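No value in this document is a laboratory result; all are computed from the given coordinates. Note that the structure is predicted; figures quoted are calculated from it, not measured.
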Amino acid sequence: MPAAYEKSVFINCPFDDDFQALFHAIVLTVAAKGFTPRCAHETEGQADPRMARIARGLMESKYSIHDLSRYQGQGAENLGRFNMPLELGMALGIRYLKEAAPAGHNWVALVPEHFIHQRFISDLAGFDSPDHDQQPATVIRKVAAWLSMQPDFTPPTPTAKTILEAYPGFCTRLNTEKADALGTLTWPSIIRSAQVMVSAMPSV
């Protein structure tokens, strides 16, 4: 059954091993706060271009989280990655095109510390973008706070502290799922593990 539009949160962030801990922290926080995590992983295996799958996921979600904290070049050629800003631009387009999202679309950009993002994406200077230090605890705190301010947030839910306390157990479950699948961690496995962890969390 498709997730309700008002509860869907599309996550736009790097998916490589270096960012995996933060990606999983975002997923767990979104689920714990009563929303449905969504991302490009959910449509892997479908015979559609990745960009089309991302656009569809964004249009089916009332909310989106875009992590722009990785801003430096990578590899021997020191190349920057522009997927995150590109997909943030798609979310902005959806927000301002009433036909695409008649019920509205709200987004948040997670940025590096010390306002560095204003030097490489200065048009975000007018937004109150939460920053983080690449630590799961900070990401959980910032994402939990943002979700708690959205009109479709429905308390009671676990606190950010409770989510952080459950996070190591979530990572352990994911490692077990990956090992059982001989090294492949699928999106359904991630969501299933998040649901199990959330079901055991106290809410206030």
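Quick notes on this one:
- Computed on the chain, the Cα convex hull volume stands at 139 Å³ per residue.
- Stretchable slack from Leu182 to Ile116, in nm (0.36 nm times residue separation minus alpha-carbon distance): 19.8 nm
- Membrane-span-like helices in the chain, defined purely by DSSP H runs whose alpha carbon atoms cover 15 Å or more axially and whose average Kyte-Doolittle hydropathy reaches 1.0, are 20-32.
- GNM top mover of Phe127, Phe15, Phe23 - the chain, alpha-carbon springs below 10 Å: Phe127
- Nearby lysines by direct alpha-carbon distance to Lys161 (threshold 25 angstrom, same-chain neighbours under 8 apart not counted): Lys7, Lys33, Lys142
- Fraction of beta bridges assigned by DSSP in the chain that are antiparallel (%, nearest 5): 5 percent
- Note on the chain: with a GNM built from Cα contacts shorter than 10 Å, the maximum mean-square fluctuation among Ile11, Ile190, Ile26 falls on Ile190.
- Theoretical ellipticity at 222 nm over the chain - DSSP helices of four or more residues, -39500 (n - 2.57) apiece, nearest 500: -13500 deg cm²/dmol
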